[in-house]
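All remarks here apply to the structure that follows.
The values are calculated or read from the model by the stated rules, or taken from the named source; none is laboratory data. Fair warning: this is a prediction, and the values are worked out from it, not measured in the lab. So basically every Cβ, Gly included, is an ideal-geometry build from the backbone, and we count neighbours across all protein chains shown.
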Amino acid sequence: MALHVPQSQMAGMMKKGTQHHEGVEEAVYRNIQACKDIAKITQTSFGPNGMNKMIINHLDRLFVTNDAATIIRELEVEHPAAKLLVLASQQQEHEVGDGTNFVLMFAGALLGKAEGLLRMGLSPAEILGGYEKACDKALELLPDIVCYTAKNVRDQTEMEMCLKSCLASKQYGYEDFLGKLVATACIEAVPEDRVDFNVDNVRCAKIQGMGVLSSTITKGMIFRREAAGEVTKIQKAVVVVYSGPVDMVQTETKGTVLIKTAEELKSFSKGEEDMLESQIVAMKTAGANVVVTGSKFGEMAEHFLNKHGMMMVKILSKHELRRLCKTIGATPLPRMTAPAATELGHCDEVAVEEVGDVRITAFRQDAEKAHLSTIIIRGSTNNSMDDIQRAVDDGTNVFKQITRDPRFLPGAGAAEIALASQLTEYGLAQPGLDQYAIQAFAEALECVPHTLAANAGIKAKDVVATLYAAHAKGEKNAGFDNTAEVPAVVDTASKGIMDNFSTKFWGLRFATNAANTVLRVDQIIMAKKAGGPKAPKQGEEMDFE
């Protein structure tokens with residue numbers, strides 16, 4: 001007699017073409033594998049010895065970078081579970097601006113450990129409970145590991161030291177030079193109350209040529225275009241900004257004019273010219289000596305502006321125009337009218353200069369007024385300059401976090417090993433099955449020193465064991481020395497290798513939440529994709545039957 005096996009009703013209930021996976025074997029393990037794969041992609045880019053990835057996106061644009069946020073954004077991950085990890089790393093990017101790789105790597109490690117526990121016979125609910133407990137305990141322990149607190153965000157030397165680790169993980173070897181540039185730019189841009197620091201106030205302008213060490217900093221804004229007219233430099237500039245064109249105003253109605261003589265023709269065009277000149281004279285009388293437009297300058301308008309010694313600058317990006325207005329205190333006017341005194345912007349100098357073989361227009365302010373600085377990045381290729389810009393952005397975001405929370409944890413894997421050893425003890429004291437998940441969480445934290453060592457070409461397990469031994473002796477700031485050929489530990493606090501408190505705090509939280517969300521899934525149901533039949537390939541005959 002044949003055994004009756006009940007068939008799943010899912011196929012009959014859903015549209016034809018729906019895919020369905022159910023249970024630990026089909027759903028959970030499959031999701032865990034996808035998440036481990038995405039974590040593995042960025043893992044080799046972690047830390048100062050991380051390797052670059054070459055990515056060609058859907059628009060055929062080439063990226064060569066070790067910045068996890070850029071790698072993940074350009075990969076366009078489709079797998080739904082892996083997407084959850086990507087979303088967690090993107091949230092970390094929005095919240096802190098750094099530590100995206102840590103989130104992906106740690107979430108991947110948590111899921112890898114969870115897979116082992118599931119095979120041991122634990123249920124996903126027990127693992128979830130343990131991970132939640134371990135994360136709460138880790139966040140509770142973090143303040144005890146703090147090794148340094150920044151005292152003054154306007155102290156150049158202190159800020160250079162605080163930004164060094166973040167920049168070294170992106171541009172190892174240039175961290176001291178870039179730290180000086182970023183610290184200078186951020187200190188100039190930080191407002192009096194320091195809490196409202198805006199990362200937009202540190203801008204980058206990339207100009208190809210020379211090397212990274214030729215990069216400089218300018219107070220004010222720089223645009224990669226030259227002035228439209230003959231005047232190329234104005235001191236004590238008074239700027240009027242128009243979002244529309246600076247040209248003769250066309251009438252809204254159409255009319256027909258009958259001109260019989262040459263004199264009539266001359267007087268007709270003369271009337272238009274006089275009207276335009278009177279508008280430009282009105283600008284000059286209001287005090288303006290620099291005219292900025294977001295559109296174009298008419299030929300006749302250019303002639304009169306040159307005649308009256310006024311400088312012309314064209315800025316076609318609306319965002320740049322808005323930012324310039326904010327910097328110099330101008331109000332953008334929609335059409336060409338004489339500006340009021342309150343609508344004019346002021347800056348110390350507007351000048352056209354040449355950097356390399358590129359002509360730029362600089363709007364400069366003196367130190368007291370300038371709340372915006374531009375870093376001119378030099379480099380041999382566009383890809384290298386893009387990567388330096390990403391490092392500068394990360395440094396600026398870390399500075400923003402310092403203005404909010406000035407605490408720092410020991411870096412180079414020291415904080416993770418300190419947490420792991422304390423969480424292991426905490427796990428052993430737990431009565432239920434939670435203890436396995438808590439110990440798995442502690443072991444997952446080892447992924448940071450393990451990866452740092454592996455990327456530096458040193459035996460990772462030896463490094464982790466050496467770090468545990470140092471922490472057992474009471475060296476709570478003991479971290480991994482990536483310059484040593486054999487496993488060695490250093491006092492990270494004295495070496496200035498530190499991680500921002502907010503980066504770790506949010507990183508642990510987002511990674512745990514992402515891993516738990518993946519573990520909570522017990523069924524995957526994929527509806528049939530929308531859209532009709534696919535178009536035939538070139539050369540194929542269509543079947544109309």
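Mind telling me which of the residues G129, G99, G116 ends up being buried (at least 16 other Cβ atoms within 10 Å of the Cβ), under 30 Å from P431 (Cβ atoms) and in contact (Cβ under 8 Å) with a residue 40 or more places away in the chain?
Within the list G129, G99, G116, the selection yields G129.
Give the stretch 166-178 a look and list any residue that's small (G, A, S) and within 17 Å of the chain's Cα centre (by Cα), or say none.
A168, S169 - these are the residues of the stretch 166-178 that are small (G, A, S) and within 17 Å of the chain's Cα centre (by Cα).
Condition first: crowded, with 18+ Cβ neighbours inside 10 Å, modelled with pLDDT of 80 or more, within 25 Å of L508 (Cα to Cα) and of a type in the set (K, R). Can you find one or more residues in the stretch 168-182 that meet it?
no
If you take the residues in the stretch 411-453 that are assigned to a loop (DSSP other than H, G, I, E, B) and closer than 17 Å to N516 by Cβ, which one is modelled with the lowest pLDDT?
L433
Hey, among the residues in the stretch 70-92 that are free of Cβ contacts under 8 Å to residues at least 60 places away in the same chain and buried (at least 21 other Cβ atoms within 10 Å of the Cβ), which one's nearest to A34 (Cα to Cα)?
Selected residue: A82.
Somewhere in the stretch 499-515, is a residue outside any helix (DSSP H, G or I), outside the structural domain of G179 (by TED's automatic domain parsing), modelled with pLDDT under 85 and closer than 27 Å to E158 by Cβ?
yes
Do you know which residues across the stretch 24-59 are outside any loop (DSSP other than H, G, I, E, B), under 13 Å from L104 (Cβ atoms) and hydroxyl-bearing (S, T, Y)?
Once the filter is applied, which keeps residues that are outside any loop (DSSP other than H, G, I, E, B), under 13 Å from L104 (Cβ atoms) and hydroxyl-bearing (S, T, Y), the stretch 24-59 yields only T42.
Please go through the stretch 454-483 and give me each residue that is in a loop (DSSP other than H, G, I, E, B) and hydroxyl-bearing (S, T, Y), ordered by number.
T483 - this is the single residue of the stretch 454-483 that is in a loop (DSSP other than H, G, I, E, B) and hydroxyl-bearing (S, T, Y).
Looking only at residues in the stretch 11-57 that are among the hydroxyl-bearing types (S, T, Y) and at pLDDT below 80, which one is nearest to A81 (Cα to Cα)?
Here the residue is Y29.
Out of the residues in the stretch 60-87 that are β-branched (V, I, T) and outside any helix (DSSP H, G or I), state the one that is farthest from Q389 (Cα to Cα).
Among residues in the stretch 60-87 that are β-branched (V, I, T) and outside any helix (DSSP H, G or I), the one farthest from Q389 (Cα to Cα) is V77.
Looking at K461, is it in contact with a helix residue (DSSP H, G or I) (Cβ under 8 Å, 6 or more places away or on another chain) and in contact (Cβ under 8 Å) with a residue 12 or more places away in the chain?
For K461, the condition - in contact with a helix residue (DSSP H, G or I) (Cβ under 8 Å, 6 or more places away or on another chain) and in contact (Cβ under 8 Å) with a residue 12 or more places away in the chain - is not met.
For (1) part of a helix (DSSP H, G or I); (2) in contact with a strand residue (DSSP E or B) (Cβ under 9 Å, 6 or more places away or on another chain); (3) not assigned by TED's automatic domain parsing to the domain that holds V489, each residue gets a yes or a no:
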{"position": "R322", "(1), (2), (3)": "yes, no, yes"}
{"position": "H346", "(1), (2), (3)": "no, yes, yes"}
{"position": "E353", "(1), (2), (3)": "no, yes, yes"}
{"position": "I375", "(1), (2), (3)": "no, yes, yes"}
{"position": "F399", "(1), (2), (3)": "yes, yes, yes"}
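Quick test for you: out of T261, T256, pick the one residue that is at pLDDT below 75, surrounded by fewer than 21 Cβ atoms within 10 Å (Cβ to Cβ), under 30 Å from E277 (Cα atoms) and among the β-branched types (V, I, T).
Going through T261, T256 in turn, the sole match is T256.
Is it the case that the stretch 218-228 has a residue that's assigned to a helix (DSSP H, G or I) and at pLDDT 75 or above?
Checking the stretch 218-228: not a single residue is assigned to a helix (DSSP H, G or I) and at pLDDT 75 or above.
Taking the stated definitions as given, is D200 within 20 Å of the chain's Cα centre (by Cα) and over 17 Å from P406 (Cα atoms)?
yes
Hand me the list of helices (runs of 4 or more DSSP H) wholly inside the stretch 93-206 holding 2 or more residues that are of a type outside the set (S, T, N, Q) and farther than 30 Å from D366 by Cα.
In the stretch 93-206, the matching helices (runs of 4 or more DSSP H) lie at 100-120, 124-145.
Got a sec? Which of E416, E425 is assigned by TED's automatic domain parsing to the domain that holds L111 and surrounded by fewer than 20 Cβ atoms within 10 Å (Cβ to Cβ)?
That would be E425, the only listed residue that is assigned by TED's automatic domain parsing to the domain that holds L111 and surrounded by fewer than 20 Cβ atoms within 10 Å (Cβ to Cβ).
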